[in-house]
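Here is the structure we will look at.
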Amino acid sequence: MVFGLFGKGRKKASAQPPEGTVVYAVGDIHGCFRLLVRLQEQIKEDMARRDASRRVVVYLGDYVDRGPNSRTVLEHLLTQPLADCESVHLAGNHDRWMLKFLDDASVGSPWLRNGGTETLVSYGVVPPRTLREAEFASLQQAFNEALPDTHRAFLRSMPVSHEEGDFFFAHAGVKPGVALAEQVENDLTWIREEFLYSNDDFGKVVVHGHTPTHSPEEYPNRIGVDTGAFMSGKLTAAILHRGKTSFMHS
């Protein structure tokens, strides 16, 4: 995965969440449980200092794959949500990829090559030594048996977008030239260069993960908060409050 820098300028100063609301947008976790817990502690401390009547944490997706603790991350988010706030869990392309493998063994090879192996191990499933197609049916069966129903339901319930005031949240971004209400899942979870290089006004400031960069990015039309936790050791959240954006890192 290559870190990159895209876009020009700064976010519009007028972009704000709803009145009295502070929003925390958390980037791609990818099985990095310790970083998640540390960041949540920082979020709790920040919440306590802010004058806000409503607190929202938007997780931007990609909870699984690549890092070592996908199962623990999902269990933690499902059973131990941050207190005194609303939690929104968006789906990322890796989360959808994992679900796809549970129903379609033919996606096993690309999924395993892109972090699925680490997810299987976290659930106690031994991955194959080779990526031969003949092994994927039995692997799929073993994973279906190992995955708790609560995790499956949690992943399937995840939406692919969310809105708060002047902000639109999606894992990967949006397709330029398409109204936000008409965006489709494949673009919201997979799009990259067409969105990142666009200077279009999308109607709202798009807050996204998916494309790792050395530092979070803030531009007129988008805010990127994926800092590649599984390889950089840095999980990032954007803080959106009263027309200002700031960032925190675990």
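The values are calculated or read from the model by the stated rules, or taken from the named source; none is laboratory data. These numbers were taken from a predicted model, which means no experiment stands behind them. For neighbour counting, all protein chains shown are included, and Cβ atoms are generated from backbone atoms with ideal geometry for every residue, glycine included.
For this structure, a couple of remarks:
- Taken together, the criteria place Thr150 among residues that are touching a helix residue (DSSP H, G or I) at 6+ places or on another chain (Cβ under 8 Å), hydroxyl-bearing (Ser, Thr, Tyr) and farther than 15 Å from Ala91 by Cα.
- Entry remark, segment 12-63: residues being of a type in the set (S, T, N, Q), within 26 Å of Asn221 (Cα to Cα) and in a loop (DSSP other than H, G, I, E, B) number 2 in total.
- Residues of segment 130-151 satisfying the condition of being touching a residue at least 60 places away in the same chain (Cβ under 8 Å) and surrounded by 14 or more Cβ atoms within 10 Å (Cβ to Cβ): His151
- Unique residue being closer than 26 Å to Asp201 by Cβ and either aromatic (Phe, Trp, Tyr) or at pLDDT 95 or above (or both) when the list is Glu19, Glu45: Glu19
- Of the helices (runs of 4 or more DSSP H) lying entirely inside segment 78-151, those containing at least 3 residues that are at pLDDT 95 or above and of a type in the set (Ser, Thr, Tyr) are 117-122.
- Listing of strands (runs of 3 or more DSSP E) fully contained in segment 152-247 that carry 1 or more residues being small (Gly, Ala, Ser) and surrounded by 21 or more Cβ atoms within 10 Å (Cβ to Cβ): 222-224, 236-241
- Candidate set from segment 49-74 (those that are over 19 Å from Thr211 (Cα atoms) and in contact with a His (Cβ under 7 Å, 6 or more places away or on another chain)); member that is surrounded by the most Cβ atoms within 10 Å (Cβ to Cβ): Leu74
- Residue in segment 20-38 that is exposed (fewer than 15 other Cβ atoms within 10 Å of the Cβ) and touching a strand residue (DSSP E or B) at 6+ places or on another chain (Cβ under 8 Å) present: yes
- A count restricted to segment 124-172 and to residues that are more than 30 Å from Ser87 (Cα to Cα) and either small (Gly, Ala, Ser) or under 21 Å from the mean Cα position of the chain (by Cα) (or both) stands at 4.
- Selection over segment 231-250 of residues that are farther than 17 Å from Val22 by Cα, out of contact with any helix residue (DSSP H, G or I) (no Cβ under 8 Å at 6 or more places or on another chain) and in contact (Cβ under 8 Å) with a residue 60 or more places away in the chain gives a count of 1.
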